[in-house]
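A.B. asks: Structure incoming, see below.
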Amino acid sequence: MPNNSRTYVFTDLDDTLIQTRGKVPDGYQADAAALDKDGAALSFICPHQQTLLRTLAQGGAMIIPVTGRNTDALQRVTLPFFQHYRIVSHGALILRADDTPCPEWLAHLARHHDLAQAQTLLDALNTQAWQIIDRLQLSARSRVITDQGVPAYLSIKTDCAAQGTQALDQLVAGLNAQRPADSRWHRNGRNLALRMPYTCKQEAVRFLLTLLNVGANDLTLGLGDSLTDLPFMRETHFALMPTGSQIDQELTAL
């Protein structure tokens, strides 16, 4: 029987396939995989991660990043494996291979969501976040991420490990009363994001599965490290995680 099955891989990037130098395990080789805005190496890939990507690519898989990075940050990823669609900004935007927005996705957003209202809400929440930071003298910073005209999420980061958890707890508590009921918090380490309802990796993956006409006999894989990756990973046949990841740690604690 001929096998006409196609393979689609939907994969998170940071802490799944690449990581900062400090997160490279001792004894592992690491090649530069992403640059900062000044062109210096920022994220790295280990041989076993390269082998996984190369094996999938040589098998004819369409490898689609599903990342919190915005368009600019994804363009600084130097790996050659992503030649098709890309899901960026935690799912707020789908890009074509040339990094232009997918018109079908933009039409979908326009039909179902008020982006102008979302931008206003995010700007107001950012102002409130800075008021909380200043009033409580928190070691944190806040900004609105808008990607190619699509308002995606509020990004809050803290650089202070000692007070990082407490600072983010205080910001969540202070912003909860004003945030939209259908928005969602995404928290990983010292990074916090308040995502708009359409800023959803799962919804974007589901949309692409339909757009690409993925059939019942095709193979789909989902790769991720974070608990918030699990919903999009469950849209695929097989879900893969790195050992030691946030998902793995949560399972270990059971």
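A.B. asks: Among the residues of the range 47-96, count how many are open to solvent by 10 Å² or more (accessible area, probe 1.4 Å), among the small types (Gly, Ala, Ser) and within 27 Å of Val144 (Cα to Cα).
C.D. replies: So the answer is 2.
A.B. asks: Anything in the range 1-29 that is in a loop (DSSP other than H, G, I, E, B) and in contact with a Phe, Trp or Tyr (Cβ under 8 Å, 6 or more places away or on another chain)? List them, or say none.
C.D. replies: Residue satisfying the conditions is Val24 alone.
A.B. asks: Further question: Here is a list of conditions, (1) surrounded by 15 or more Cβ atoms within 10 Å (Cβ to Cβ); (2) at pLDDT below 95, and Asp182 meets all of them except one; can you say which number that is?
C.D. replies: Result: Asp182 passes all but (1).
A.B. asks: Return the only residue of Ala32, Ala73 being touching a Ser or Thr at 6+ places or on another chain (Cβ under 7 Å), among the hydrophobic types (A, V, I, L, M, F, W, C) and either modelled with pLDDT under 95 or outside any loop (DSSP other than H, G, I, E, B) (or both).
C.D. replies: After applying the criteria, what remains is Ala32.
A.B. asks: For the range 1-18, enumerate the residues that are open to solvent by 20 Å² or more (accessible area, probe 1.4 Å) and within 24 Å of the chain's Cα centre (by Cα). Steps first, answer last, please.
C.D. replies: Initial filter on the range 1-18 (open to solvent by 20 Å² or more (accessible area, probe 1.4 Å)): 1-7, 14-15.
Matches in the range 1-18: Thr7, Asp14, Asp15.
A.B. asks: What is the number of the single condition among (1) part of a helix (DSSP H, G or I); (2) open to solvent by 90 Å² or more (accessible area, probe 1.4 Å) that Asp248 does not meet?
C.D. replies: For Asp248, the exception is condition (2).
A.B. asks: Would you mind stating whether Ala110 is of a type in the set (Gly, Ala, Ser) and either exposed (fewer than 14 other Cβ atoms within 10 Å of the Cβ) or under 23 Å from Glu203 (Cα atoms) (or both)? It would help to see each step written out before you state the result.
C.D. replies: Working: of a type in the set (Gly, Ala, Ser): yes; either exposed (fewer than 14 other Cβ atoms within 10 Å of the Cβ) or under 23 Å from Glu203 (Cα atoms) (or both): yes.
So Ala110 passes the test.
The values are calculated or read from the model by the stated rules, or taken from the named source; none is laboratory data. Everything numeric here is computed off the predicted structure, so don't read it as measured data. Heads up, the Cβs are rebuilt from the backbone with ideal geometry, glycines too, and the neighbour counts pull from every protein chain shown. For the accessible areas, the whole protein counts, side chains as well, though only heavy atoms, and no ligand, DNA or RNA atoms are used. Shrake-Rupley method; radii C 1.70, N 1.55, O 1.52, S 1.80 Å.
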